[in-house]
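Here the structure comes first, spelled out in C-alpha cells, and everything after it is commentary.
Coordinate-derived values only; no laboratory data. Just so it is clear, the model here is predicted, and its values are computed rather than measured. Positions of Cβ are generated from backbone atoms using ideal geometry, with glycine treated the same way; all protein chains shown enter the neighbour counts.
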Amino acid sequence: MNKLTKPILTSLIALALFAACNNTAAPTPTQETLVDNFSPVSGSSSPCVGIAEPTTVVNASGAKQFAKPEQVIDPTHTYCAILRTGDGRIVIQLYPEVAPANVNSFVFLANQGYFDGLTFHRVLPGFMAQGGDPLGDGTGGPGYALPLEVVPSVKFDREGVVAMARSQAPDSAGSQFFITFAPQPALDPHSQQLPDNLGYTIIGQVVEGMNTVRGIKLRDPQQNPPFIGDPIVSIRIVDLGAK
C-alpha cells in the first residue's frame, strides 16, 4: 500500500484512504443504456422505503482481505442496503446502473459480513460520515482497488448521498464509503486543474433513516485518535429483482 500524499482541497482530506493496486473492471456492457434511463431517487419514491431486513443468516468468514470481489449483482435489479447502527437503521437504495463495479463490491462485502462491527471512523460536522475501514483509522481496505465510476448527471446535490472514499489516485476506492450530511458540490467532477477534479463514485442514496445518520457521533481521527467511532452493527442487502 502506498502512503497518501496530502490532498489540496481540505474537505477531501476526510475521504483519503490507502488502496491496494488490483483494479477491478466494470462488469456490465449495458451501463450506458442503464444510465440513460436513470434518475436519482428521493426517499418517498424509493421501493426500499420500509423494506424488511432479510431473515437469512450471514455466515461471516471473518476475512478482511480478498484478491477481488465475486460478481454478485445484476445491474438491472434494484438493491437495498440496510445499515444498522446502535441507534437505528439507515436504508440505502444502491445505484448499480451508475456504478456497477463499486456497487457489486459493496454488495459482495456486505454479504460476507465484512462491515459488521466496523466503525464510522471519520465524521465531520456538515460534511459526511465515513466508515468501512477494517483498521478503523482511514488506512485500511479489502485488498483490492476499484475503478472510478462517475456519471455527470448524478451529483452530490443533496444530503444522504452515499459514495466511495478514495485517495488522490482515481481508481483507488476499496471498502471505505461515506454518507453526506448536506450537498457537497466540491466533490463533483470539476474543470479546475487540481488532482481531485475527477469526482467520487456515488453508489446510492439514503432513503430512510437520515435522522440516524445525523446522530452518528462526530470524530476526526487526526484530532482525537483515542476515541472509537460509532459501530456499524451490520449491513444487509435485499435484491428486489428486475425493475
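Please list, in order along region 235-243, the HN-Hα scalar couplings obtained from phi with the Karplus expression 6.51 cos²θ - 1.76 cosθ + 1.60 (θ = phi - 60°), rounded to whole Hz, x for Gly and Pro.
10, 10, 10, 10, 9, 8, x, 5, 5
Reachable aspartates and glutamates from residue 64, Cα under 14 Å, same-chain residues fewer than 8 places away excluded?
Leaving aside aspartates and glutamates fewer than 8 places away in the same chain, those within reach of residue 64 are 116, 133.
If I take R0 = 25 Å and measure r between the Cβ atoms of residue 68 and residue 239 in this structure, what FRET efficiency does the formula 1/(1 + (r/R0)^6) give, to the nearest 0.05? Provide the component values of the computation, followed by the final result.
Working: r = 21 Å, r/R0 = 0.84.
Given R0 = 25 Å and the Cβ-Cβ separation, E is 0.75.
Using Cβ contacts closer than 10 Å as the measure, can you line up 119, 76 from fewest to most? Intermediate results must be reported in sequence, preceding the final value.
Values: 119 21, 76 14.
Going from sparsest to densest Cβ surroundings: 76, 119.
Using a simple spin-label model with points 7 Å from Cα along the Cα→Cβ vector, what separation in nm is obtained for residue 58 and residue 186?
If labels sit at residue 58 and residue 186, their model points lie 3.2 nm apart.
What residue among 184, 215, 156 has its Cα farthest toward the positive end of the dipole of region 65-242, where the charges are +1 on Lys, Arg and -1 on Asp, Glu, each on the Cβ?
Of the candidates, 215 comes out farthest on the positive side.
Find the centroid of the Cα atoms in region 120-162 and in region 76-102, then give the distance between the two in whole Å.
13
In region 65-242, if every C-alpha pair distance is counted and binned at 5 Å from zero, what percent goes to each bin?
Bins of 5 Å from zero give 1, 9, 18, 23, 23, 17, 7, 2, 0, 0 percent of pairs.
Amide H to amide H, which residues 5 or more places from residue 85 or on other chains are under 5 Å from it, using H placed in the peptide plane?
Under 5 Å from the amide H of residue 85 lie the amide H atoms of 90, 233, each far enough along the sequence or on another chain.
State the extension gain, in nm to one decimal, for the chain segment bounded by residue 220 and residue 76, taking 0.36 nm per residue of separation less the distance between their alpha-carbons. Working shown, then result.
Details: separation 144, 0.36 × 144 = 51.84 nm, distance 3.78 nm.
Full extension of this stretch gives 48.1 nm more.
Which ordering of 77, 121 is given by a fewest-first count of other beta-carbon atoms within 10 Å? Walk me through the intermediate numbers first.
Details: 77 14, 121 25.
In order of increasing Cβ crowding within 10 Å: 77, 121.
Tally Lys/Arg at +1 and Asp/Glu at -1 over every other residue whose Cβ is under 13 Å from the Cβ of residue 127; what's the total?
Numbers: positive: 122, 214, 219; negative: 159, 220.
Here the count lands on +1.
Quick one: putting +1 on the C-beta of Lys and Arg, -1 on the C-beta of Asp and Glu, what dipole do you get for region 78-236 around its Cα centre, in Debye to the nearest 20? Please report the intermediate quantities before stating the final value.
Numbers: 10 positive and 14 negative charges, 57 e Å.
About 280 debye.
Listing 108, 120, 177, 38 from the residue with the fewest other Cβ atoms within 10 Å to the one with the most, what is the order? Mind showing how you got there, number by number?
On the way: 108 19, 120 25, 177 28, 38 16.
Lowest to highest Cβ neighbour count: 38, 108, 120, 177.
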